[in-house]
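Reading through the structure tokens given below for one structure.
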Amino acid sequence: MFYTEAIAVNNNAIGLIQICFRYYIRYSQDSWNRLIQHNDNPLVKNTGKTKDWELKAVFQVNENSSEAMKIEKHI
């Protein structure tokens, strides 16, 4: 099963509204494991410098990675 995910870093909060200055859209087969990799591995090119990424949205796609890529590009 493939998932398209949105992760973000919350840099500021105003009341109940969280302002995200950095976000990243991706697809994977294991959303939680991939999030751990982003937070724990400083060598990850796009997200490795920050260790407080949070999973904001997950969309279950299907067994086809090309469909997950299409949704990723649409977001």
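Just so it is clear, none of the values below were taken in a lab; they were calculated from the coordinates. Just so you know, these numbers come straight off a predicted model, no measurement behind them. Cβ placement follows ideal geometry from the backbone for every residue including glycine, while neighbour counts extend to all protein chains displayed.
Quick notes on this one:
- First in segment 52-71 and under 14 Å from Q29 (Cβ atoms), second anywhere and assigned to a strand (DSSP E or B) and among the charged types (D, E, K, R), Cβ under 8 Å, 6 or more apart: V58/E5; F59/E5
- Condition broken by K49, with the remaining ones in (1) surrounded by 12 or more Cβ atoms within 10 Å (Cβ to Cβ); (2) without any contact (Cβ under 8 Å) to a residue 40 or more places away in the chain satisfied: (1)
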